[in-house]
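Asker: Let me begin by handing over the structure; questions about it come next.
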Ligand code: FAD
């Protein structure tokens, strides 16, 4: 089923993002996480796409296995990194023939150690090209794309980034999932600007609860998200107490979700990092 058909006008769906684990034990832990979260009725789950061959195969295997074993709808992420058009076509064929209906079409980040993204020979330079390629070959697929409430770090301005988001939607994307953010005003401003620019598809905010201060500082440094000053000060005050950090991270995420639900977002996408505890606490606090 297409993810956009799961969105209901008067309800906020939950989606969960996982990444392909490195080993079999990690895969088993991931399925335990899925089992822990499943009673809270997530509408769908997504699996990220990594840089290497084996993790890429695992993305395909996991979306198929989660769908077959749990009945939940799934979405495979797909990036342009290191792939020719033929290779991307082959991944898309595999997804479509495995009955996967949803794909998150991304450019991807430069490989480790490189600072600028360079398109592969015979590949794509930007996600809008991948969206157009998917739409042309598999018109039935539901396509999500990434959006950046605080602007993509490489973009020179919010306006330029928004024009590029619009290109992805004009190329055939059905919905937008956002990068993580910590201040609801960034999300609202972003969606407002997009609506004014004529982007009409649904936007799904991405939420990542802080569970570890240094890890989160690393993530935010690379993706360009800012900690609001008050949250930052509160986290710093308890940073040597992991339990207090986690409680604060969950509390902040619950407040974010409450504001987003009140604003009528179609879904909330949780970056779970393959762990259930924080997401479970948030869902319980939201009465889900
Ligand atoms: P693009 O939309 O191509 O944008 C990249 C930059 O280029 C932006 O600055 C944009 O303004 C500019 N741009 C876009 N189109 C054009 C154009 N036509 N001409 C000129 N400039 C243009 N990464 C992974 O490796 N695997 C994953 O599974 C993954 N999942 C993600 C899930 C979500 C929800 C999000 C938000 C990000 C995810 N990422 C993932 C990270 C993502 O790959 C990076 O943020 C990457 O740097 C940009 O990808 P994009 O699809 O947004 O690129």
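Every read-out reported here was derived from the displayed coordinates using simple, explicitly stated rules and does not represent laboratory data. For clarity, every value in this text was computed on a predicted model and none was experimentally measured. Quick reminder, even Gly has a Cβ in these numbers, built from the backbone with ideal geometry, and neighbours come from all protein chains shown.
Asker: How big is the shadow of the Cα convex hull of the chain, averaged over all directions, in nm²?
Answerer: Numbers: hull surface 58.0 nm².
So the Cα hull casts an average projection of 14.5 nm².
Asker: Further question: For a footprinting-style exposure proxy, rank 75, 1, 208, 216 by other Cβ within 10 Å, fewest first. Working shown, then result.
Answerer: Working: 75 27, 1 11, 208 24, 216 20.
Lowest to highest Cβ neighbour count: 1, 216, 208, 75.
Asker: Report the residues of the stretch 105-144 in range of a label on residue 93: point 7 Å along Cα→C-beta, backbone N strictly under 14 Å from it.
Answerer: The answer is 137-138, whose backbone nitrogens lie closer than 14 Å to the label point.
Asker: Here is a follow-up. Taking square-rooted eigenvalues a ≥ b ≥ c of the alpha carbon gyration tensor, is the stretch 166-277 rounded, prolate or oblate, where a/c under 1.5 means rounded and, failing that, a/b exceeding b/c means prolate?
Answerer: Details: a/c = 2.12, a/b = 2.08, b/c = 1.02.
Verdict is prolate for the stretch 166-277.
Asker: Return the ratio Rg/(2.2 N^0.38 Å) for the stretch 62-142, where Rg is computed over Cα atoms only. Let's see the in-between values first.
Answerer: Values: Rg = 13.4 Å, N = 81, 2.2 N^0.38 = 11.7 Å.
So the Cα radius of gyration is 1.15 times the expected 2.2 N^0.38 Å.
Asker: Okay, moving on. May I ask you to sort 69, 24 by Cβ crowding, counting other Cβ atoms within 10 Å and putting the fewest first?
Answerer: Listing 69, 24 from fewest to most nearby Cβ atoms yields 24, 69.
Asker: In whole Å and largest first, what semi-axes does the C-alpha gyration tensor of the stretch 216-282 yield when each eigenvalue is scaled by 5 and square-rooted? Provide the component values of the computation, followed by the final result.
Answerer: On the way: eigenvalues 83, 44, 36 Å².
In descending order, the three semi-axes are 20, 15, 13 Å.
Asker: Given the peptides 174-183, 136-145, 119-128, arrange them by the average over their residues of other C-beta atoms within 10 Å, most packed first.
Answerer: Numbers: 174-183: 22.0, 136-145: 18.0, 119-128: 16.3.
The packing order, highest mean first, is 174-183, 136-145, 119-128.
Asker: What does the helix-only formula give at 222 nm for the chain: each DSSP H stretch with n ≥ 4 adding -39500 (n - 2.57), the total divided by the residues, and the result rounded to the nearest 500 deg cm²/dmol?
Answerer: Details: 10 runs with 132 residues, N = 288.
That comes out to -14500 deg cm²/dmol.
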